[in-house]
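Below is one structure, written out as structure tokens; comments come after it.
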Amino acid sequence: MDRDDEQLLRGRVYGHDHDDPDPGPRRGQTYAELVGGPLDGLLLDITGWRAEEVDHGAALPTELGRFPGGRSLYEPGPGGSRTLGPGVSCRFYHSGDTP
């Protein structure tokens, strides 16, 4: 991914189309910031996730990872903090890719 692609992804919500008129975060939603890997800088909507779901992280389908059509794995960092309520509440760190 080149520098222009990286800037295009920053602040966008994972799963929103690139041509969505408002691909950014929405008021009242809760997000995890994705750090590292092919989805670095994107926000993942975790509104309504239970604490144990957040603690397990996410395997996100992407064409940008090591295995096109595979998944990029993201998990909370050790001892990572989490805030309750809307906004960016935690960070998920890239831990690898899987087919």
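Values computed for the structure shown
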read-out: Those residues of the stretch 18-32 which are of a type in the set (Phe, Trp, Tyr) and outside any strand (DSSP E or B), in sequence order; value: none
read-out: Qualifying residue in the stretch 19-30 (condition: at pLDDT 75 or above, touching a strand residue (DSSP E or B) at 6+ places or on another chain (Cβ under 7 Å), surrounded by 11 or more Cβ atoms within 10 Å (Cβ to Cβ) and charged (D, E, K, R)); value: no
read-out: Search result, residues across the stretch 46-79 that are open to solvent by less than 70 Å² (accessible area, probe 1.4 Å), part of a loop (DSSP other than H, G, I, E, B) and within 16 Å of residue 93 (Cα to Cα); value: 46, 57, 65, 77
read-out: Residue in the stretch 86-96 that is exposed (fewer than 11 other Cβ atoms within 10 Å of the Cβ), among the small types (Gly, Ala, Ser) and in contact (Cβ under 8 Å) with a residue 24 or more places away in the chain present; value: no
read-out: Criterion (more than 21 Å from residue 16 (Cβ to Cβ) and modelled with pLDDT of 90 or more) met by exactly one of 97, 45, 40; value: 97
read-out: Some residue of the stretch 59-73 being touching a helix residue (DSSP H, G or I) at 6+ places or on another chain (Cβ under 6 Å), among the small types (Gly, Ala, Ser) and in contact (Cβ under 8 Å) with a residue 12 or more places away in the chain; value: no
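The values are calculated or read from the model by the stated rules, or taken from the named source; none is laboratory data. Please read all numbers here as calculations on a predicted model, not as lab measurements. With ideal geometry, Cβ positions are generated from the backbone for all residues, glycine too; neighbour counts draw on all protein chains shown. Areas reflect the complete protein model, heavy atoms only, side chains present, ligands, DNA and RNA absent. Shrake-Rupley method; radii C 1.70, N 1.55, O 1.52, S 1.80 Å.
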